[in-house]
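For reference, the structure discussed in these notes is given below.
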Ligand SMILES: [Zn+2]
């Protein structure tokens, strides 16, 4: 009985971890982050940052494919291998598929990295270079809770910053644990917009861990 429970838990752990591996490891190497400030410093708005958001978005959705594979493995193990392990694997992987599809097709939590987020970054970048820029030397950075000009303090966008694939200061293991708990979602809520206009930013209403 205890062995079965352990196998079930192990299967569920693999089913939980497996689909998240791309987000956990793909961009954490030092070479991938040379163009970014080290975690957890605010990040300057550059095309590289916008590209990173889009990459994270791709990794997030690639989890669906991995989860489908794991569900197939789980099913096979249920039939021909260890039933508790297979069931745990199948359960965790199908839970991920269901919750992400729910996020995509209504009702559920939207992804931590979205196309709208990348567009918002681009808009803030444009606003800091155009005619009506905030000050003489605009230097917009993405802080925990929004995009703020370092020179004049103008809030360009009220948008909490999700994990952006940088190597985390809390070390690899703790970084993994934290990411497995948060799934990449920001730990802070978006800054209240000064002009009363708050950008659509759902899924950030969780407190600090
Ligand atoms: Zn400024």
(request) May I ask you to list the residues of region 4-31 whose amide nitrogen lies under 11 Å from a point 7 Å from Cα along the Cα→beta-carbon direction of residue 48? (result) 31
(message) Helix 47-80 against the longest principal axis of the chain: what's the angle in degrees, Cα atoms only, rounded to the nearest 10?
(response) 10
(request) Find how much the distance from residue 133 to residue 101 grows on full extension, using 0.36 nm per residue of separation minus their present alpha carbon separation; answer in nm with one decimal. (result) 7.6 nm
(message) What is the angle, in °, between the Cα long axis of helix 2-17 and the longest principal axis of the Cα atoms in the chain? Nearest 10 is fine, range 0 to 90.
(response) 30
(request) Sort the following peptides by mean Cβ neighbour count (other Cβ atoms within 10 Å, averaged over residues), highest first: 39-49, 96-106. (result) 39-49, 96-106
(request) Run through all the Cα pairs of the chain and give the fraction in each 5 Å bin from 0, expressed as whole percent. (result) 1, 7, 13, 17, 17, 14, 11, 8, 5, 3, 2, 1, 1, 0, 0
(request) Please report the relative contact order for region 114-161, taking Cα pairs under 8 Å with a sequence separation of at least 6, and give it as a percent rounded to a whole number. (result) 27
(request) At q = 0.30 Å⁻¹, what is the base-10 log of I(q)/I(0) for region 69-113 according to the Debye formula with one equal point scatterer per Cα and no solvent? Please give it to two decimals. (result) -0.89
(message) Semi-axes of the equivalent ellipsoid for region 29-72, please: Cα gyration tensor eigenvalues, times 5, square-rooted, ordered largest first, whole Å.
(response) 28, 11, 8
(message) Test of understanding: ordering 176, 113, 90, 95 by Cβ neighbours within 10 Å, fewest first, what list do you get?
(response) 95, 176, 90, 113
(request) With runs of 4+ DSSP H residues as the only contributors, calculate the mean residue ellipticity of the chain at 222 nm using -39,500 (n - 2.57) per run, divided by the residue total and rounded to the nearest 500. (result) -16500 deg cm²/dmol
(message) So, R0 is 22 Å and r is the distance between the beta-carbons of residue 72 and residue 30; what FRET efficiency does that work out to, to 0.05?
(response) 0.05
(request) Once you have the Kirkwood Rh of region 114-161 from its Cα pairs, apply Stokes-Einstein at 20 °C and 1.002 mPa s and quote D in µm²/s. (result) 203
(request) Rank these for me by crowding, 170, 163, 145, going from fewest to most other beta carbons within 10 Å. (result) 170, 145, 163
(message) Please compute, over every Cα-Cα pair in region 1-100, the percentage with a separation greater than 23 angstrom.
(response) 41
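In which sequence would 25, 147, 66 go, from the one with the fewest C-beta neighbours within 10 Å to the one with the most?
If I rank by nearby Cβ atoms, fewest first, I get 25, 66, 147.
Read-outs throughout are calculated quantities, based only on the coordinates presented, and are distinct from any laboratory measurement. No experiment lies behind these values; they were computed from the predicted model shown. We place every Cβ from the backbone using ideal geometry, glycine too, and count neighbours over all the protein chains shown.
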